[in-house]
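Structure first, then comments.
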Amino acid sequence: MQKFIVKGGRRLRGELALQGSKNSALPIMAATLLCGGECRLNNCPRLTDIYSASRILNCVGCRCTFSENTAVVDSSVVNETVISEELMREMRSSIIFMGAMLGRTGECTVSVPGGCELGPRPIDMHLAAMRKMGVDIRESYGRIICRAPSGKAHGARISLAFPSVGATENIILCAVTAEGETVINNAAREPEIRDLCGFLRACGANIKGDGESKIIIKGAGKLHGCEYTIMADRIVGATYLSMTAASRGEIILTNACVPEMEPFLSVLEQTGCSVYTNENKIYLRSGARLKAVKDRIRTMPHPGFPTDAQAVLMAALTVSDGTSVFEENIFDCRYRHTDALVKMGADIQVLGKVAIIKGTPRLHGAAVEATDLRGGAAMVLAALAAEGTTEIDRISHIDRGYEKMEETVRKLGGDMQRG
């Protein structure tokens, strides 16, 4: 099993072009099923989750190839409607293939997906929405068997109890080729939803309101292929900015999605870092010890502070001057990384959904294990800020969301190896 070996104490400096967004690329790859032709996806990140999505597409009959940062998907032929349990378990977002398969073939068999263990993330809202759109659903031994009796789903008015990103995506994917109009109330507003809708519009879909809480989709008879460039990854951007801030370094992020990162940047500026932005660049300088963030940092659906950035900012604040408080409102088990940070010398108390971080002047290296994708990134960040050497096991979690993180860190002047 591979691990990361990180020697801390170096200031990170340099320029970095931000990779494409994992959370955009995965639903867009699922959406290529609806097109019945060739789609070319540029700025697609090279990640294990992306390779898992490619395998799913190939298993249902598509031809999916990947070169550098471009994925080419030909969905002219779809001859299989069952996605194996093994493939479904490789990533949590595999459930979005349910909406796409229903939109293309009117039927599918999937299973409960895998991915990071962040507490209960039920797919009840997904299934309830599909049923409202006329899909018959049976569950048998972990398998979810879906079929639209008429061969196509129909439009519906759907009000989500919570603005779930995954449920919003699944409804959109099913609705773009359904009969009639679908209205989603309390829809997720994340930038990745807008990116998915941008791709679908480029393929001929009729969607309005994405980025707002009400999305209206008018079913189109048929979509076509297109060429599309996936947005930059705002969470990867937050990670490398946090790393640089904790190391008292300096960085220029290019290909950055500045407006989409504003909820994170506004909090990061409270740590005393100098942050300057223009249309697609972010410059950060952190020459002194970080300040604690005075206001409670509450994770919320977009445009609130993103839950995916919680762990990496927390790791940076472990070496700040003062006390910061986080409140996790999205996932129940999103503090699993804190034990590793405490092992490295951090002062963190977790009380239910609240975590209290008292900054300490220094951390020390230790042997730790990545618990999930963003928690693993937080451990790398802490290791870079620590004295001595840290070994991080179970790095397959990290590879799900970061393109060769060790190479990126070395490019910025850090000492990180894959062992």
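We did not get these values from a lab; they are worked out from the coordinates using the rules stated. Values in this document were obtained by computation on a predicted structure and should not be read as measured data. Reconstructed Cβ throughout: ideal geometry from the backbone, glycine too, with neighbour counts over all protein chains shown.
A few points about this structure:
- Relative to the 2.2 N^0.38 Å rule of thumb, segment 117-229 has a C-alpha radius of gyration ratio of 1.06.
- Volume per residue of the C-alpha convex hull in segment 22-229, rounded to whole Å³: 100
- Computed Rg/Rh of the chain, alpha carbon atoms with Kirkwood Rh: 0.98
- Shape of segment 1-67, Cα gyration tensor, a/c cut at 1.5: prolate
- Per-residue [θ]222 nm for the chain (sum of -39500 (n - 2.57) over DSSP H runs n ≥ 4, rounded to 500): -9000 deg cm²/dmol
- Farthest towards the positive end of the charge dipole of segment 243-401, among the residues Leu384, Val293, Pro303, is the Cα of Val293, using unit charges on the Cβ of Lys, Arg, Asp and Glu.
- Taking segment 22-229 and dividing mean pair separation by its residue count, relative contact order in percent (alpha carbons under 8 Å, at least six apart): 21
- Relative intensity, log₁₀ I(q)/I(0), of segment 374-418 from a Debye sum that treats every alpha carbon as a point, q = 0.15 Å⁻¹: -0.33
- Residues Ile193, Ile356, Ile251, Ile172 in ascending order of nearby Cβ atoms (within 10 Å, fewest first): Ile356, Ile251, Ile193, Ile172.
- Built amide H within the under 5 Å cut-off of Ala367, gap 5+: Glu391
- Debye, to nearest 20: dipole size of segment 1-145, +1 on Lys, Arg Cβ, -1 on Asp, Glu Cβ: 720
- Size descriptors for segment 266-334 (Cα atoms only): Rg and Dmax, in that order, 12.7, 36 Å.
- Contact order normalised by residue count of the chain, Cα under 8 Å, 6+ apart, percent: 21
- Of Cys35, Gly20, Ser111, farthest towards positive along the dipole that unit charges on Lys, Arg, Asp, Glu beta carbons give the chain: Gly20
- Here the Karplus relation 6.51 cos²θ - 1.76 cosθ + 1.60, evaluated at θ = phi - 60°, turns the backbone of segment 251-256 into coupling constants of 8, 10, 9, 9, 6, 8 Hz, with x for every Gly and Pro.
- A Cα-only calculation for segment 181-249 places Rg and Dmax at 16.5, 55 Å.
- Electrostatic dipole magnitude of segment 22-229 [Cβ: Lys, Arg +1; Asp, Glu -1; Cα centre; debye, to 20]: 400
- Our note on the geometry: Cα centres of segment 288-367 and segment 27-69, 35 Å apart.
- Close amide H partners of Glu179, meaning residues 5 or more places away or on another chain with modelled amide H under 5 Å apart, are Ala153, His154, Gly155.
- Segment 180-237-segment 84-163 distance, computed between alpha-carbon centres (Å): 18
- Of Asn329, Asn23, Asn42, the one that fluctuates the most in a GNM where the chain has Cα springs shorter than 10 Å: Asn329
- Quarter the surface of the alpha carbon convex hull of segment 215-355 and you get the mean projected area, 11.0 square nanometres.
- GNM flexibility winner over the chain from Val293, Val176, Val342 (Cα, springs under 10 Å): Val342
- Structure remark: mean-square fluctuation, Gaussian network model of the chain, C-alpha springs under 10 Å; the largest value among Met133, Met98, Met300 belongs to Met300.
- Charge dipole of the chain (Cα centre as origin; +1 on each Lys and Arg Cβ, -1 on each Asp and Glu Cβ, all else neutral): 400 debye, rounded to the nearest 20.
- With the cut-off at under 20 Å, measuring from each backbone N in segment 208-234 to a point 7 Å along the Cα-to-Cβ line of Ser67 picks out 225-230.
- Each Cα pair of segment 46-134 feeds into the Kirkwood radius, which the Stokes-Einstein equation turns, at 10 °C and 1.306 mPa s, into a diffusion coefficient of 114 µm²/s.
- Rg ratio for segment 282-419: its Cα radius of gyration over 2.2 N^0.38 Å, N being its residue count, equals 1.00.
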